[in-house]
Structure formats: structure tokens, C-alpha cells
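Structure, as C-alpha cells:
The values are calculated or read from the model by the stated rules, or taken from the named source; none is laboratory data. Since the model is a prediction, treat every value here as computed from it, not as a measurement. Every residue, glycine as well, gets a Cβ built from its backbone with ideal geometry; the counts of neighbours run over all protein chains shown.
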Amino acid sequence: MAAAGAEGVPDPLVGASVDGRYTVVRRIARGGMATVYLATDTRLDRDVALKVMHPHLAQDPDFVARFHREAVAAARVSSPSVVAVHDQGRDDRLAHGTVYLVLEHVPGTTLRDLLAAEGLLSAGAALAVLEPVLEALAAAHRAGVVHRDVKPENVLLTDDGRVKVADFGLARAASSQTTGATTGVLMGTVAYLAPELVLHGTADARADVYAAGITLFEMLTGAQPFTGEVAVQVAHQHVTRDVPAPSELVATVPPELDDLVLWMTARDPDDRPTDARELVHEVRALRRDLPDAVQDAPPRRTGRAPERGATLGGLAPGAGTTTALPVHHDVAAPVPLGPPAVDGAGAGVTAVLPRGGGGAGATGRGDEPERGRRRRGRVLAAVLAVLVAAALAVGAWWALLGPGAAVPAPAVAGLEQSAAEGALADAGLVAVVSERFDDEVPEGSVITTSPGPGEDVRPGGAVRLFVSRGPELVAVPELVGDDLATARADAQDAGLGLTEAEPVYDEQVPEGAVVRQDPAAGVELRRGEQVTVVPSQGRQPIDVPDLVGSTREDALAALDGAGLEASVAEENSDAVPEGDVVRQEPADGTLFAGDEVSLVVSLGPELVDVPDVVGQQLDPAREALEAAGFVVEEERVLGGFFGTVRDQSVEGGTRARPGTTITLTVV
């Protein structure tokens with residue numbers, strides 16, 4: 001039986017098997033592009049999030065092809081802070097041809113839910129959320145993937161305290177959708193859209209930086225910087241207005257976070273960080289350098305309400321609604337704020353005003369002759385025209401030649417910070433300082449400015465100084481004992497490269513792991529420098545020496561010199577002299593240090609008892625000795641007349657080797 005969805009209507013997918021592998025358990029959420037279900041991957045026996053495209057999108061071949069390409073691109077993004085893409089496909093056995101995406105299931109909540117519950121976050125808490133978000137975006141930007149839909153709804157907070165970013169690449173796939181829309185329509189969450197997306201419909205990694213900056217502003221203040229009652233009005237503010245400093249709304253926001261937000265949300269993409277990788281280092285430095293008291297200070301509002309545009313009805317602040325907006329290819333073209341007023345003032349930007357002649361209640365002078373009213377109207381119009389012309393002339397003089405005239409930003413790159421600030425002050429400008437690491441510019445000197453030298457700035461306007469912190473130094477991690485893949489990942493996480501030296505044999509470190517490193521762990525290097533590691537080839541094989549025929553002493557010395565152990569047994573041998581090696585095990589091949597070689601050492605031939613033949617006649621004595629395996633020779637005394645054995649060269653009753661010659665003395 002299908003479970004009911006949020007609308008109370010049974011969901012036909014609940015309980016179904018998608019592609020014969022993913023059993024749908026329940027619906028989790030429904031969005032503008034897809035429905036997300038909790039499902040079980042029956043092949044790997046794990047929970048997954050199954051994102052199923054809405055049927056009208058699944059019927060659009062262009063969308064399906066684009067969705068597949070973007071899903072493949074998103075799957076390339078590898079980071080602990082990214083919701084992993086496991087699988088993607090289409091199941092035509094189900095109704096409408098189900099196009100789906102299989103994602104890592106992340107139990108927990110979203111940043112949107114946290115903000116709804118808490119209102120706003122402390123500086124430290126906001127940075128703690130922002131850092132993994134930027135790490136996820138940095139991994140995407142390295143892989144050439146732009147998220148395009150960074151917002152609190154896509155920032156997941158796991159039950160075990162981790163932060164993960166979802167839906168990489170899917171906003172780009174959605175922007176190609178043509179069903180129910182036309183060419184020139186931009187898909188996006190309007191509260192987080194970068195100005196270039198509104199104007200041109202195109203974006204790179206800097207659009208993600210902008211959206212992350214708006215998200216940081218919202219974490220710090222509990223409000224979005226631009227809100228309104230229709231989507232186009234909010235988009236217009238992104239294009240025409242600067243994001244205010246968060247401290248204007250929350251007094252406890254430190255200046256460093258004001259600078260960070262303003263840098264990330266600069267209207268000109270060239271004034272923002274090039275991608276999230278640059279920002280990760282800044283945020284880590286802030287978390288390290290800001291005092292705990294500043295980071296943990298409870299937020300205290302200033303009492304000032306967030307700035308808003310004209311409210312024309314339609315969009316609730318903070319709703320995070322994905323809305324179709326017209327793309328303006330002319331940068332200078334104004335963005336319309338709403339339709340003309342209908343049925344009274346307030347529905348649009350045009351108000352319907354009452355005309356004269358509507359009775360005394362209209363003007364309060366219903367008894368005045370029409371001609372007098374016209375004459376006075378002409379005089380009033382002439383006076384107003386003169387005043388307007390004068391005001392315009394004064395304004396033009398003030399803006400172009402007078403105190404309000406723009407001044408060129410001075411060239412201060414290369415100067416020390418204090419000297420650069422003095423040069424800006426002399427020009428009537430205000431310095432806003434952001435620090436960043438730089439391998440070339442000395443610490444404390446200006447790397448560059450925004451606006452750049454010679455660009456027009458209004459008197460009293462701000463010029464951002466990017467001041468060098470010198471080369472960024474990072475500590476070399478401990479890599480000895482790690483396998484090469486882990487060592488490379490650890491080095492990359494520390495901002496360093498890895499160089500492999502020639503591998504060496506090592507009796508302790510397994511094959512493929514790091515034997516030693518240079519520099520050692522804890523030494524500080526510039527970010528991007530290389531750490532050299534020596535990988536292990538494992539234990540060194542030892543050729544087994546041929547010891548057969550060697551003396552016992554020589555064989556033992558050879559094994560000891562090779563690092564091998566020996567076990568020795570003995571046996572008689574007719575062929576091998578006593579004390580020499582008869583055989584060995586193993587006879588050849590390779591062993592490792594400490595392995596054992598078994599030796600068999602000769603005791604020489606086996607000994608037999610020597611018969612006692614003294615006193616016997618020669619012939620029986622000879623037969624007895626030869627039967628025992630001895631060689632008999634005789635020595636006759638006085639001709640051996642009696643034929644009696646009087647002596648034998650090997651005493652009877654002793655033992656001797658078979659084949660030994662025994663001489664008999666015969667008388």
C-alpha cells in the first residue's frame with residue numbers, strides 16, 4: 001500500500017523498487033524539480049536518498065541529457081563536506097519513465113531549519129558552518145563544477161555535527177529545462193543570485209562565492225540583505241545596491257567579518273575572490289586569530305531593521321523560493337520593479353491620482369473659478385521648473401566639479417599598510433583592510449586594491465586594501481607509515497604537494513607505505529611546497545645460498561651473514577665427509593630476514609663392530625672380517641708356517657668404518 005505524501009495523496013513510488021535495486025521507504029521532501037525519498041540500496045544494504053525528477057521534466061529529452069551530464073560532473077566532486085553522488089539512471093518500467101539520482105543519505109537537518117530555530121548565529125558558529133561549506137565549494141571549483149544554488153536549504157547539518165553541501169550541479173541542469181518556460185529565463189533562488197546571473201544568466205565560481213557571502217550575512221544577522229514582495233524587485237537590488245555590513249544590524253559582528261562579507265558579495269565579480277579555495281584560508285585564519293570572546297559573544301542587534309526595496313507583493317522574505325527571472329543582456333538596462341497599478345494604488349509602481357473637478361473634497365477649493373486655478377497652476381509649474389533646473393545644476397556641479405566629484409583611487413600597491421592608509425586619507429578616502437597570504441609581497445605591504453589605481457571613487461568612499469600576511473606557512477603532517485594515497489591526501493589537506501622518491505626495502509614498513517619523509521613532521525613550509533616521501537618496497541628478498549658440500553662452520557657463517565637462521569641435523573653418509581653439509585631445505589629460491597634454512601651435516605659412514613680374530617686360523621679370520629665389511633691384509637712371520645693369527649691392526653671389539661683395512665699378523 002502506497003504511503004500518503006505531504007498533500008495526503010498516496011505516493012505510488014513508496015514501496016516500489018526503482019531499477020530493481022532501490023526500495024523506496026518514504027518521502028522526505030518535495031521541491032520544484034524533484035521529490036526526495038528515503039530508500040534502501042538492496043545491493044549494498046544501506047540507506048540512500050533517492051531524488052526522482054518530476055514527470056514533466058523526465059519527458060524532456062534535453063533536460064534528461066543535461067541532467068545526466070551535470071550528475072556525472074557532480075559525482076567528480078570529492079570532499080567530506082559534499083553529499084556524495086552514488087548513482088544516476090532512468091527506470092522506464094515505472095510510470096512516466098522515472099529519472100533518478102542516488103545520493104548519500106545524510107540524517108539531520110538543514111541550515112535553514114537551524115536559522116528558523118535560532119534566528120541568527122554567533123560569529124564563531126557562523127564561521128564553523130561556513131568553513132566546510134567553502135571546503136565543499138573549493139573541491140567543486142577544483143573539479144570545474146559550479147554549484148549555482150548555494151543557500152541554507154542546501155547546507156545539511158548531520159546528527160553527528162558535520163556540515164555537508166548538497167545538490168552540486170543540479171541548478172545548472174535545471175536552468176536548461178524548457179518545459180513551462182522559454183529561452184532567456186533564469187532559474188535560481190532569487191535571494192542568493194549574483195548580479196551577473198541576473199544581468200546575463202551566466203556564472204562561474206565567483207557566483208558561488210557571492211551566494212556563500214549572502215548565506216554568511218544571513219547567519220550573522222538572521223535576515224537576507226535584500227528582500228521584497230516580488231522576485232524581480234529583489235533581483236534589482238542585487239544589481240544596483242551593495243550588501244550592507246552585517247554590523248549595521250548586529251553590533252557584535254566583528255569588523256573582520258564585515259570585511260569578509262563585503263569582499264564575498266562585491267557586485268563586480270572581479271572584486272570577489274576568484275573561487276572558494278582562496279576563501280578557505282581566510283576563514284581558517286579568522287577562526288584561528290579571532291579571540292574566543294569575540295567568536296562566542298551572544299549576538300546583539302542594533303535595533304535597525306534590514307533594508308528593503310519597494311514592496312510590491314509576492315515574495316516572503318527568507319522563503320528561499322526558486323523563481324524564473326528574465327535575463328537582461330544589457331548591463332545598463334533597468335530591471336522592472338513590477339506591473340502597472342490596477343484597481344488602485346499600491347499594486348505596482350504607477351499610482352492613479354485623482355484629477356481636478358472631482359468636487360470640493362478633491363482640492364479643498366471647489367468654489368475657485370477654473371481660470372484662476374489654471375493661471376495659478378501655470379505659475380506654480382514655471383516656479384517648479386526653475387527650482388528643478390537649479391537643483392539639477394547644483395547637483396551636477398556637486399557631483400562633477402564640487403565636493404561630490406569622484407577622485408581617482410591612488411596607486412598604493414607595494415606600500416606598507418600605514419603608508420597606504422595615509423595616502424588614501426590624503427585623497428579623502430577610507431581604507432578597508434583585508435589580509436591574505438602572498439608568496440611575493442612582503443608581510444604588511446599592500447598586494448592590490450579594489451577599486452584599482454586610477455578608478456573613480458566618491459569622496460569618503462572606501463578602497464579595500466589587500467595586505468600581505470607574507471607567505472602562508474603550514475606544518476608538515478606526519479606521513480611515515482601512511483599508504484601513499486593517504487599521505488597524498490594528508491599533504492593536500494595541509495596545502496602541500498607530494499613527491500615520491502625511489503622506493504626502498506624495509507623490514508618493518510609494509511609495501512606501499514611511507515618509510516621516511518623530508519622535511520620531517522612539524523616543519524613549516526610555504527603552502528604549495530613539496531614534501532618528499534620514500535615509499536617502502538616491503539621486506540627485502542634474500543637469495544638462498546647453495547651450502548651442500550660446505551663445512552658445517554662455513555655454512556653457518558654464510559647464513560648468519562645473509563640474515564637467515566639455521567637449524568642443523570646430522571646423519572651418516574658414505575658419500576659426504578664427516579662435518580660437511582649433505583643437503584639443505586630450501587635448496588634455492590628467496591627468503592626474508594629471520595627465515596630458517598634447515599641443514600643436514602654428515603657424520604661420515606656408519607661404524608660397525610670389528611671381530612676379534614686373534615688366535616684363529618687365517619682363513620676363518622679373513623672370512624669373519626670380510627663379512628663385517630673390512631678389507632683384510634696379512635703379514636706373515638717366519639713364513640706363517642702354522643697359519644695362526646697372532647695380532648690384528650684394528651683391535652677386536654672396537655668399531656670402525658666399513659671398508660677399513662685390517663692387517664693380520666700370521667705365524
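As for segment 568-575, it holds no residue that is surrounded by 17 or more Cβ atoms within 10 Å (Cβ to Cβ), of a type outside the set (S, T, Y) and touching a Leu at 6+ places or on another chain (Cβ under 9 Å). Scanning segment 241-294 for residues that are outside any helix (DSSP H, G or I), under 18 Å from V433 (Cα atoms) and among the hydrophobic types (A, V, I, L, M, F, W, C) yields a total of 5. One residue alone among V631, V650 is surrounded by 13 or more Cβ atoms within 10 Å (Cβ to Cβ) and without any contact (Cβ under 8 Å) to a residue 60 or more places away in the chain, and that residue is V650. The set of residues in segment 127-159 being assigned to a helix (DSSP H, G or I) and under 11 Å from the mean Cα position of the chain (by Cα) consists of P132, V133, L134, E135, A136, L137, A138, A139, A140, H141, R142.
For every residue, the table says whether it meets (1) of a type in the set (S, T, N, Q); (2) in a strand (DSSP E or B); (3) on the phi < 0 side of the Ramachandran plot; (4) not assigned by TED's automatic domain parsing to the domain that holds V294.
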| position | (1), (2), (3), (4) |
| --- | --- |
| D47 | no, yes, yes, yes |
| R66 | no, no, yes, yes |
| R69 | no, no, yes, yes |
| S78 | yes, no, yes, yes |
| H86 | no, yes, yes, yes |
| Y100 | no, yes, yes, yes |
| A125 | no, no, yes, no |
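What do you reckon, is Q530 farther than 30 Å from G470 by Cβ and either modelled with pLDDT of 95 or more or not aliphatic (A, V, I, L, M) (or both)? Taking the combined requirement at face value, the residue does not satisfy it.
From the list G563, G528, the one residue that fits, being of a type in the set (G, A, S), surrounded by fewer than 15 Cβ atoms within 10 Å (Cβ to Cβ) and in contact with a Leu (Cβ under 8 Å, 6 or more places away or on another chain), is G528.
For segment 39-53, the candidate set comprises residues that are surrounded by 18 or more Cβ atoms within 10 Å (Cβ to Cβ) and not β-branched (V, I, T); within that set, the residue that is modelled with the lowest pLDDT is M53. Considering segment 479-519 alone, what residues qualify as being over 17 Å from G538 (Cα atoms), acidic (D, E) and outside any strand (DSSP E or B)? Listed by number, the residues that qualify are D490, D493. Return only the number of the condition from (1) assigned to a loop (DSSP other than H, G, I, E, B); (2) crowded, with 24+ Cβ neighbours inside 10 Å; (3) more than 31 Å from the chain's Cα centre (by Cα) that A235 does not satisfy. Here A235 meets the rest and fails (1). Scanning segment 504-512 for any residue that is surrounded by 14 or more Cβ atoms within 10 Å (Cβ to Cβ), among the aromatic types (F, W, Y) and at pLDDT 90 or above turns up at least one such residue. Give the residue that is nearest to V99 (Cα to Cα), with candidates limited to residues of segment 53-77 that are within 26 Å of the chain's Cα centre (by Cα) and of a type in the set (V, I, T). Among those that are within 26 Å of the chain's Cα centre (by Cα) and of a type in the set (V, I, T), it is V72. Considering segment 424-456, the residues that are surrounded by 18 or more Cβ atoms within 10 Å (Cβ to Cβ), among the hydrophobic types (A, V, I, L, M, F, W, C) and assigned to a loop (DSSP other than H, G, I, E, B) include one that is modelled with the lowest pLDDT, namely F437. If the condition is being closer than 17 Å to P269 by Cβ, outside any helix (DSSP H, G or I) and in contact with a Ser or Thr (Cβ under 8 Å, 6 or more places away or on another chain), then segment 202-232 contributes no residue at all. Does any residue of segment 103-123 turn out to be among the small types (G, A, S), crowded, with 23+ Cβ neighbours inside 10 Å, touching a residue at least 12 places away in the same chain (Cβ under 8 Å) and out of contact with any Lys or Arg (no Cβ under 9 Å at 6 or more places or on another chain)? Checked against the condition, which is being among the small types (G, A, S), crowded, with 23+ Cβ neighbours inside 10 Å, touching a residue at least 12 places away in the same chain (Cβ under 8 Å) and out of contact with any Lys or Arg (no Cβ under 9 Å at 6 or more places or on another chain), segment 103-123 yields at least one hit. Answer yes if at least one residue in segment 195-216 is modelled with pLDDT under 85, surrounded by 18 or more Cβ atoms within 10 Å (Cβ to Cβ) and under 21 Å from A138 (Cβ atoms), and no otherwise. Taking every residue of segment 195-216 in turn, at least one turns out to be modelled with pLDDT under 85, surrounded by 18 or more Cβ atoms within 10 Å (Cβ to Cβ) and under 21 Å from A138 (Cβ atoms).
Matching residues to (1) touching an Asp or Glu at 6+ places or on another chain (Cβ under 9 Å); (2) under 27 Å from V600 (Cα atoms); (3) in the same structural domain as D438 (by TED's automatic domain parsing):
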residue: E507; (1), (2), (3): no, no, no
residue: V514; (1), (2), (3): yes, no, no
residue: G522; (1), (2), (3): yes, no, no
residue: R527; (1), (2), (3): yes, no, no
residue: V548; (1), (2), (3): yes, yes, no
residue: L556; (1), (2), (3): no, yes, no
residue: E565; (1), (2), (3): yes, yes, no
residue: G589; (1), (2), (3): yes, yes, no
